[in-house]
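Structure record follows, encoded as structure tokens.
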Amino acid sequence: MGSKDGRSDDDKVSIKSVSRQTPMTTPSPSSFVLPPKSSPKPGRKRKGKTSRLRKMKQKKVLEGDHRSVESAIIKDQEYKEFLAWLKSMGCPKTKLTLAEFSNTGRGMMATKDIKAGEVIIEVPERNLVTLKSLQANYGARIKRFGKPINSHMIIALHIALLLQAPEKSGWFPYLRMLPKKFDTMPVRYPLDQFELLPQSAQAHVKKQKAKIVSDYNCTVDFLKSNNDLLTHPLTYDEYELAWLVVNTRCIYLDAKRQSVADNIALAPMLDFLNHTHDAKTEGNFDTKSKSYKIRTMLPYKKGEQVFINYGPHDNCFILVEYGFVTADNPYNYVSVDNDFLQLPFPGESTTAKKDKMALLEMAGYFGDYVFHRNDVSFRLLIGMRLRLINPFNQSSGATQHAIAKWHDVVSGELDQISPENEQLVPAHMERLCDKILSDAKRTLGALARKKTTFSVMHLQQVWIETRDIVLSIIDKIHSGESL
């Protein structure tokens, strides 16, 4: 499960994030509970039974995921003012309230039983922050600017500008509920922590960082002729925070005339819902009521946390995009591209390896090599069989014959290049597993020496999952099962 909140690692509460391909959600440590409460200090009088019972009215122990989950309804002034603001904006009442959960941080609790098929949140169109809704603010300015500006960029700018003078915006109650930091987002990791991410996740973060920088530079260029919008010069940190607010909390509306990238929206209240992979929800814009509705396909009892589903994403993707991980995620896999491509093979020359990479590229099988639990991807098996053709000299008839057989395996006409080639596959697949397993153990050792924060726990979970998936492949090899 994931949760979202505006607190940093130092607060020991994870940040919330929202869905991109389905309605929203939040990021927070999935399988970790809040630190245990300290015992009464010496000399402090222990509270009596009446006081403890009063506390129990606000805190319920729920059974879920085979462990007790504590929850406490949030009744602070900021949330009360946020609810009053929603009411003034025409948002219908819901059977949900904000609560603190020991396993996810902040999330939405059912205040009454909820039936399958019931609408859990409805956000009026006037409350949706979209490219369309911002046309009055920026449309003419964007047209004069003359350069491409996407939805993410302009919504992030809008949020950044509102945050420069939140009390004057009319959206202060909502802005005050947004995260103040994004310490659990890998793009915000310090270098020593970033280097402990899997290589595929590092590449994802670098791409994300480049996108933020590019959007910021374009935004600064846009503001040169629109500096009347600013309260003070827009810093990179201000823009990055706003960009991450949009990235982690946006939803996708039904795109008909717009591209998917230009069809995102921020939806206040909806973005308090946390994510879990087994939640079943439907989201759509109702043209009759002119509102965006989230409907649950699962029932919930009073007191339970109500969830939403981002879609079928593995934990590395969820961590980079939203800043959390989920427990028992069935979509997890291990990307082994770099490890496989760097793995040395006996008798394989530099020229032979280069020629094989070219063949994989031409056949459409270069990269995207993965391990799933108890399963090796077909793409990886194709790559492994080709690299085990040694000696490899494209001017020789024997090599050309083997390549022809390999193409037949790719097309599905044959199951193997040759019995000899196939017999080599398990041993070399285990060599690949051993390399990744060694990296996982080394990284987990490094993480164990770090101060415990949610970010460190997220990384630990990713590497534990990596280790366990790789071990499942090794077990399969040792059992003699076919890969």
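Could you tell me whether any residue of region 69-77 is touching a Phe, Trp or Tyr at 6+ places or on another chain (Cβ under 9 Å), of a type outside the set (S, T, Y) and modelled with pLDDT of 95 or more?
Checked region 69-77: no residue is touching a Phe, Trp or Tyr at 6+ places or on another chain (Cβ under 9 Å), of a type outside the set (S, T, Y) and modelled with pLDDT of 95 or more.
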Exercise. Within region 233-244, identify whether any single residue is modelled with pLDDT of 95 or more and of a type in the set (S, T, N, Q), and answer yes or no.
Key: yes
Quiz item: How do the helices (runs of 4 or more DSSP H) wholly within region 329-418 filter down when requiring 2 or more residues that are on the phi < 0 side of the Ramachandran plot and more than 28 Å from the chain's Cα centre (by Cα): which remain?
Solution: 350-363, 378-387, 397-411
Quiz item: Do the conditions hold for S200, that is, is it small (G, A, S) and over 18 Å from the mean Cα position of the chain (by Cα)?
Solution: no
Quiz prompt | strands (runs of 3 or more DSSP E) (entirely within region 281-321) containing at least 3 residues that are out of contact with any Pro (no Cβ under 9 Å at 6 or more places or on another chain) and closer than 17 Å to K95 by Cα | solution = 291-296, 305-308
Self-check item: Search result, residues across region 93-131 that are farther than 22 Å from E70 by Cβ, surrounded by 19 or more Cβ atoms within 10 Å (Cβ to Cβ) and either among the aliphatic types (A, V, I, L, M) or without any contact (Cβ under 8 Å) to a residue 24 or more places away in the chain (or both)
Solution: I120, I121, V123, L128, V129, L131
Self-check item: Complete set of residues in region 385-403 that are open to solvent by less than 70 Å² (accessible area, probe 1.4 Å) and either over 18 Å from K354 (Cα atoms) or basic (K, R) (or both)
Solution: R385, R387, G397
Exercise. Output yes when any residue across region 318-341 is open to solvent by 30 Å² or more (accessible area, probe 1.4 Å), of a type in the set (D, E, K, R) and over 26 Å from D183 (Cβ atoms), and no when none is.
Key: yes
Quiz item: When region 349-384 is examined, which residues are found to be touching a residue at least 24 places away in the same chain (Cβ under 8 Å), of a type in the set (F, W, Y) and open to solvent by 10 Å² or more (accessible area, probe 1.4 Å)?
Solution: Y365
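The values are calculated or read from the model by the stated rules, or taken from the named source; none is laboratory data. Since the structure is predicted, the reported quantities are computational estimates derived from the model, not experimental observations. Please note: Cβ atoms are built from the backbone with ideal geometry, for glycine as well, and neighbour counts cover all protein chains shown. Protein only, heavy atoms only, side chains kept; ligands, DNA and RNA dropped before computing areas. Shrake-Rupley method; radii C 1.70, N 1.55, O 1.52, S 1.80 Å.
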